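I have placed the structure first, in the form of structure tokens, so that the comments after it can refer back to it.
The values are calculated or read from the model by the stated rules, or taken from the named source; none is laboratory data. Please read these numbers as outputs of a predicted model, since none were measured by experiment. Glycine gets a Cβ as well: all are built from the backbone with ideal geometry, and neighbour counts include every protein chain shown. The protein model used for the area step is the full one, side chains on, heavy atoms only, and it has no ligands, DNA or RNA in it. Shrake-Rupley method; radii C 1.70, N 1.55, O 1.52, S 1.80 Å.
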Amino acid sequence: MVNSNEEDERRILDVEESLLTQEEVNNHLTGLSSTAEDGSIDIYGNPPSKKKTGNWKACPFILGNECCERLAYYGIAKNLITYYTSELHESNVSAASDVMIWQGTCYITPLIGAVIADSYWGRYWTIASFSAIYFIGMALLTLSASLPVLKPAACAGVAAALCSPATTVQYAVFFTGLYLIALGTGGIKPCVSSFGADQFDDTDPRERVRKASFFNWFYFSINIGSFISSTLLVWVQENVGWGLGFLIPTVFMGVSIASFFIGTPLYRFQKPGGSPITRVCQVLVAAYRKLKLNLPEDISFLYETREKNSMIAGSRKIQHTDGYKKIPVPFQFLILSFWKCSSEHKPLFLYLCRFLDKAAVISEYESKSGAFSNPWKLCTVTQVEEVKTLIRMFPIWASGIVYSVLYSQISTLFVQQGRSMNRIIRSFEIPPASFGVFDTLIVLISIPIYDRFLVPFVRRFTGIPKGLTDLQRMGIGLFLSVLSIAAAAIVETVRLQLAQDFVAMSIFWQIPQYILMGIAEVFFFIGRVEFFYDESPDAMRSVCSALALLNTAVGSYLSSLILTLVAYFTALGGKDGWVPDDLNKGHLDYFFWLLVSLGLVNIPVYALICVKHTKKKAL
């Protein structure tokens with residue numbers, strides 16, 4: 001599915017070549033790139049051959065690894081709350097709390113794996129090592145669900161409060177397995193997308209375009225695994241048994257590891273560049289030490305290594321920026337217009353960038369002695385630009401939290417809304433959570449359409465090789481997510497009106513909100529992954545991918561906080577509130593409109609941030 005036929009490939013390459021600058025075409029035609037020039041190496045430590053390594057020939061193994069790993073993860077996560085209540089005999093509140101804590105942990109541990117990958121082990125060995133931890137956790141979880149001694153006695157048809165609870169040993173085995181999975185996924189999630197993108201040489205314009213396509217198919221692979229888990233595995237767990245229901249994803253995790261290792265001879269590897277936290281601190285300390293020094297008028301006098309790459313392993317040099325971008329007058333007035341620093345009347349961010357630039361100022365003593373080796377006193381321009389890049393990415397990251405708040409409704413209030421609707425088809429009752437399949441299906445349908453049809457079509461008008469910029473793509477996703485919640489609000493308003501006449505609205509009216517959110521995913525999630533990879537410093541890509549995942553965790557926690565506060569304040573004075581247990585007595589539509597308002601406020605803020613954003617320029 002990833003590889004097109006020869007004629008289609010030739011046509012795409014011709015279009016791509018027409019979009020390249022004359023310099024890029026000349027460089028490509030002179031044959032200057034028989035090996036990758038982005039600092040990567042092959043399995044033997046040599047510059048990798050473009051014909052024998054990387055590109056699409058390496059990607060099937062990485063995509064297969066991700067598909068199987070996500071199937072394993074969702075095979076546990078999708079129905080975990082049911083296991084807590086039916087097998088461990090926990091209450092609904094306790095089970096929901098345990099599941100949310102575990103899922104939150106799964107999105108926080110990537111920070112650990114990312115720092116290890118970027119600082120010490122590299123992405124390949126981090127994925128390999130944490131995959132082993134992941135597999136051990138899956139095996140322990142399967143044992144806890146299979147062996148009678150490791151789980152409470154069956155207690156069918158009786159309230160959970162009356163059943164015997166799990167013992168300390170049973171909980172110990174279960175939670176050890178569960179949190180080993182959380183730790184394992186922390187080393188895989190932030191690394192595998194970046195490792196896949198590493199297979200494409202950023203200095204080759206043609207491979208750079210193909211990399212954009214890789215992110216689409218990467219997300220497609222995730223949703224293949226999610227779809228199988230949401231359908232087949234959930235059915236096995238509830239109708240055949242939990243032992244087999246956990247064994248199947250464990251086997252697929254083993255297949256995931258095997259797929260990853262089989263492709264090893266074809267991979268390109270980026271060297272770890274040392275601790276990103278240390279490098280950021282070095283810039284701040286060096287800048288503070290030289291606070292009283294003046295910046296040179298000519299930026300070429302700032303310190304930079306003469307080597308082709310920066311002093312950081314596998315990291316290209318980054319062009320100096322002043323951090324200020326010309327923007328339309330109305331936007332200038334709105335963005336930090338009340339913060340005017342320096343005689344040039346420019347925003348505070350320029351002042352911050354000038355402060356950071358002082359870390360690369362060569363003092364008189366350093367100039368005379370040639371003492372350029374202490375990064376706590378003198379940093380390269382590239383190292384300073386890395387910190388600036390992280391600062392510029394933060395507002396984009398923060399605005400994405402609102403999207404995560406809206407998206408989290410799929411697995412929470414969308415389900416509760418569906419539970420209050422007519423779910424009967426003849427004698428079959430539709431589980432409301434199963435409608436999440438529509439979201440997954442629309443993603444699986446939309447990605448090939450986007451990659452094969454929409455991108456070439458839009459490219460004709462924009463002149464951008466991948467059709468839309470990452471920020472434009474994310475912006476469309478933000479807008480569609482707001483439409484999805486608005487659709488849910490309209491459905492809820494109509495449902496409440498019908499409920500007053502004792503008429504139950506069909507659950508199939510929820511389909512449009514799931515479809516809109518699925519299309520929003522294709523735009524926002526994939527755009528976000530690609531943005532954080534492309535814009536992050538070369539030696540910090542795993543960390544920046546982890547920050548994107550942290551965005552999801554923060555959004556989930558914020559959604560929970562908003563819901564808790566709304567439920568509390570709207571129920572004061574003995575009222576039912578907006579979100580009571582019986583939704584027919586509440587106003588869930590008001591809550592949805594509140595989220596729509598939040599999204600509508602976020603969109604212009606996001607637009608302003610995008611207008612001001614300055615892209616990283618690698619040399």
(request) With a probe of 1.4 Å, find how much accessible area the chain has per residue, and write the answer as a whole number in Å². (result) 45
(request) Report the label-to-label distance for Ile362 and Ile511 in nanometres (one decimal), using points 7 Å from each Cα along the Cα→Cβ vector. (result) 6.9
(request) Compute the FRET efficiency between Tyr351 and Ile277 as 1/(1 + (r/R0)^6), taking r as their Cβ-Cβ distance and R0 = 30 Å, and round to the nearest 0.05. (result) 0.80
(request) Taking all protein chains together and a probe of 1.4 Å, list Val99, Val601 from the most accessible to the least accessible. (result) Val601, Val99
(request) Give the longest segment of the chain that steers clear of GluC sites (Glu not before Pro) in DSSP loops with at most 11 neighbouring Cβ atoms within 10 Å, not counting the sites themselves. (result) 1-296
(message) What's the magnitude of the charge dipole for segment 424-473 around its Cα centre, counting Lys and Arg as +1 and Asp and Glu as -1 at the beta-carbon? Answer in Debye, nearest 20.
(response) 320
(request) Using only alpha carbons, build the gyration tensor for segment 38-273 and give me the equivalent ellipsoid semi-axes, biggest first, whole Å. (result) 38, 16, 14
(request) Can you tell me the FRET efficiency between Arg306 and Val611 if r is taken as the Cβ-Cβ distance and R0 is 35 Å, rounded to the nearest 0.05? (result) 0.45
(request) Could you look at segment 457-502 and say what percent of its accessible area is carbon and sulfur, using a 1.4 Å probe and all protein chains? (result) 68
(message) Using a 1.4 Å probe on the protein heavy atoms only, what accessible surface does Val491 show? Give it in Å² to the nearest 10.
(response) 20
(message) How large is the Rg to Rh ratio of segment 112-211 when both quantities use alpha carbon positions and Rh follows Kirkwood?
(response) 1.25
(request) May I have the extent of the alpha carbons of the chain along their three principal axes, as whole Å values ordered from largest to smallest? (result) 83, 55, 55
(request) Obtain the nm distance between the two label points defined at Thr167 and Ser49 by a simple spin-label model: each point lies 7 Å from its Cα along the Cα-to-C-beta direction. (result) 6.1
(request) Please work out the FRET efficiency for the pair Lys585 and Glu238, using the Cβ-Cβ distance as r and a Förster radius of 41 Å; give the result to the nearest 0.05. (result) 0.85
(request) Considering only lysines 8 or more places apart in sequence, or on different chains, count the pairs in segment 461-619 whose C-alpha atoms sit under 29 Å apart. (result) 5
(message) Can you compute the modelled spin-label distance between Phe569 and Val255, with each label point 7 Å from Cα toward Cβ, in nm?
(response) 4.9
(request) Give the share of C-alpha pairs in each 5 angstrom bin for segment 532-605, from 0 to the last occupied bin, in whole percents, shortest bins first. (result) 3, 14, 15, 17, 14, 11, 9, 6, 5, 4, 1, 0
(request) Please grab the % of Cα pairs in segment 448-524 that end up more than 22 Å from each other. (result) 41
(request) State the dimensionless ratio Rg/Rh of segment 398-500 (Rg: radius of gyration of Cα atoms; Rh: Kirkwood radius). (result) 1.08
(request) Give the cross-link partners of Lys358 among the lysines, using a straight C-alpha distance below 17 Å as the criterion and excluding same-chain residues fewer than 8 apart. (result) Lys290, Lys292, Lys377, Lys388
(message) Restricting to DSSP loop positions (anything but H, G, I, E, B) with no more than 16 other Cβ atoms inside 10 Å of their own Cβ, which trypsin sites (Lys or Arg not before Pro) remain in segment 381-487?
(response) Arg426
(message) What whole-number volume per residue, in cubic angstrom, does the convex hull of the C-alpha atoms of segment 385-618 give?
(response) 140
(request) Find the percent of Cα-Cα distances in segment 475-597 that exceed 20 Å, and round it to a whole number. (result) 56
